[in-house]
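Single-structure report; data block below.
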Amino acid sequence: MSQQTKTEQRAKAWLLSRSGPLAGTRFPMRDGVTRIGRAPDNDVVVSGADAATVSLYHAQISRDGESCSVRDRHSTNGTWLNGERITNAEVTPPAIIQLGNQGPEFALVWEESDGASLDRTVEISASVLAPVVPTTSETHESLLAAAVIRARRMRDHGVGGQTMTIMRGVVEQALRHSRRRLRIVGYSLLLALVTVTSLGIWKITVLNREKRAIDAQIHDLETKLQNSTGPDTGRLISRLDDYQDQAETLERSLLFRLGGGNEGGDFVTRELRSLMAEFGAESYSIPPDFIERVNHYIEQDQGSERPNVAHVLGEAKEQIETIRTILREEQLPPDLAYIPIVESALTDGPASAAGAVGPWQFTAPTGRALGLRVDGQVDERKDLVKSTHAACKYLRDLILDFGAGSSVMLALAAYDSGAAKVKQAVMNTVRDPIQQRNFWYLYRVRALPHETREYVPKVFAAILIGRNPRHFGF
């Protein structure tokens, strides 16, 4: 048989990678020795994640015609042939060679080829198999371009059909780069967050310091107003208004609210501010003497008046709920239901010195003016539902009479002594028509009658207890 015929009949041997980024890549097995390992001078170089269990010079395959043997080169993790660890063994294709028990796998395969293909040996050098590293920043586009170059090189050297394998490697590499970029972005964001947080904490500290300084100025002005009766009162109130505007602007700032603010005052002060906001008489600073009188009447309700208050919150609880329901229907603050605590304690007592009777303590002329029947046979002032509707009409008329602003507060001021008396006292003291509608201004300049100045804190003491009975021991 001629040499040509022997060559044509000779089988072609391949070492086929079965794992890692080169899965599916075929390495031609020529006569002689084929070395496998991590070192770059091996015939088959294992790199990347697959190299974890591979030694520098891990194994070698010797071929002599159609006879092959594999030998371990004193590797750390051993060489395995068809699932068994070997030192030196004959190989009968098909066979699986594994570098380490969990390492990369290679299949030794034979392939019958025609003479034309057997005249040429396909060699794949390390430069062909190595990935092309982009010279610019590793964007996804540059990685893809490098993969295309790599595939072309392999085709030029006679190895085709590896496009999907190369693309898979590109995806893995792109994901690694993306994770690295995400880590960098994450660290940058963390640094920015720490910086912004530090600046925010510093700014919040500054805002709190400014607010404490403003509050100190307001407290000083309130103290001076309590002792002022001369022409300086108007100037002091003007300065107080300016400081209150500054404090309210500061409280509305986002950073101050994010910092939790520092709402000052005791429980009564905080509740009063909340209640004033509901009544449309919100004020940053409530006069200290007003708060003092509210606390005085709370103590009185907890002491000598306790039986009456306990009766209203206990036995007469259903009556209070009826009053609150009617007030809501009439679109008035439902907490005005606690006015009867001050007026009558919801008890059927005798008429007052002025002849007032019923839960809302109407005199006969006032009751008739409000549409109640008051005669020798019927006295609707004592009827809870009818007298409450009459009280709603009275309060509504007072609110409308005193106009916008803190009109609910002024309506309360006029409920006991009458609108005419309050108006006359105000007009005799305050000439500014705008300030004549401002309850807190009138309170600070002592334009309201003494009886009225005491009546309003007394009502608010009852309201606070009604809203928070447990806090005050009821």
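When the range 382-398 is filtered for residues that are under 13 Å from Arg324 (Cβ atoms) and open to solvent by less than 60 Å² (accessible area, probe 1.4 Å), the ones remaining, listed by number, are Leu384, Thr388, Ala391, Cys392. Could you say whether any residue in the range 356-363 is open to solvent by 20 Å² or more (accessible area, probe 1.4 Å) and under 15 Å from Cys392 (Cα atoms)? Looking through the range 356-363, at least one residue is open to solvent by 20 Å² or more (accessible area, probe 1.4 Å) and under 15 Å from Cys392 (Cα atoms).
Applying the condition of being within 16 Å of Lys421 (Cβ to Cβ) and of a type outside the set (A, V, I, L, M) to the range 444-460 and asking which residue is most open to solvent (accessible area, probe 1.4 Å) yields His450.
When Tyr443, Tyr415 are checked against the criterion of being among the aromatic types (Phe, Trp, Tyr), under 50 Å from the mean Cα position of the chain (by Cα) and more than 23 Å from Gln244 (Cα to Cα), a single residue qualifies: Tyr415.
Count of the range 295-314 residues, restricted to those that are hydroxyl-bearing (Ser, Thr, Tyr) and either closer than 19 Å to Asp416 by Cα or in contact (Cβ under 8 Å) with a residue 60 or more places away in the chain (or both), is 1. Checking each residue in the range 399-439 for being touching a helix residue (DSSP H, G or I) at 6+ places or on another chain (Cβ under 6 Å), modelled with pLDDT of 85 or more and either open to solvent by 10 Å² or more (accessible area, probe 1.4 Å) or farther than 23 Å from Pro334 by Cα (or both) picks out only Ile399.
The rows are residues; the columns are (1) closer than 17 Å to Lys458 by Cβ; (2) of a type in the set (D, E, K, R).
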position	(1), (2)
Thr325	no, no
Glu330	no, yes
Leu336	yes, no
Ser344	yes, no
Arg368	no, yes
Asp375	no, yes
Val385	no, no
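Across the range 307-327, not a single residue is classified as more than 20 Å from Gly466 (Cα to Cα) and open to solvent by 60 Å² or more (accessible area, probe 1.4 Å). Pairs only if they're at least six apart or on different chains, beta carbon under 9 angstrom, first in the range 315-340 and touching a residue at least 40 places away in the same chain (Cβ under 8 Å) and small (Gly, Ala, Ser), second exposed (fewer than 14 other Cβ atoms within 10 Å of the Cβ) and not in a loop (DSSP other than H, G, I, E, B); list them, first residue then second. Pairs that qualify, where the first residue is touching a residue at least 40 places away in the same chain (Cβ under 8 Å) and small (Gly, Ala, Ser) and the partner is exposed (fewer than 14 other Cβ atoms within 10 Å of the Cβ) and not in a loop (DSSP other than H, G, I, E, B), are Ala337/Glu321. Tell me yes or no: at least one residue of the range 51-63 is in a helix (DSSP H, G or I) and crowded, with 18+ Cβ neighbours inside 10 Å. Scanning the range 51-63 turns up at least one residue that is in a helix (DSSP H, G or I) and crowded, with 18+ Cβ neighbours inside 10 Å.
So for the range 91-100 (the condition being in contact (Cβ under 8 Å) with a residue 12 or more places away in the chain, among the polar types (S, T, N, Q), in contact with a Ser or Thr (Cβ under 7 Å, 6 or more places away or on another chain) and in a strand (DSSP E or B)), does at least one residue qualify? No, the range 91-100 contains no residue that is in contact (Cβ under 8 Å) with a residue 12 or more places away in the chain, among the polar types (S, T, N, Q), in contact with a Ser or Thr (Cβ under 7 Å, 6 or more places away or on another chain) and in a strand (DSSP E or B). Against the numbered list (1) open to solvent by less than 20 Å² (accessible area, probe 1.4 Å); (2) aromatic (Phe, Trp, Tyr); (3) modelled with pLDDT of 80 or more, Phe267 comes up short only at (1). Within the range 195-231, being loosely packed, with under 14 Cβ neighbours inside 10 Å and hydroxyl-bearing (Ser, Thr, Tyr) holds for Thr195, Thr197, Ser198, Thr205, Thr223, Thr229. Scanning the range 204-236 for residues that are touching a residue at least 40 places away in the same chain (Cβ under 8 Å) and touching a Phe, Trp or Tyr at 6+ places or on another chain (Cβ under 9 Å) yields Ile204, Leu207, Asn208, Lys211, Asp215, Ile218.
The values are calculated or read from the model by the stated rules, or taken from the named source; none is laboratory data. These figures come from a predicted structure and were not determined experimentally. Note: ideal-geometry Cβ built from the backbone for every residue, glycine included; neighbour counts use all protein chains shown. For accessibility, only protein heavy atoms count, side chains too; no ligands or nucleic acids. Shrake-Rupley method; radii C 1.70, N 1.55, O 1.52, S 1.80 Å.
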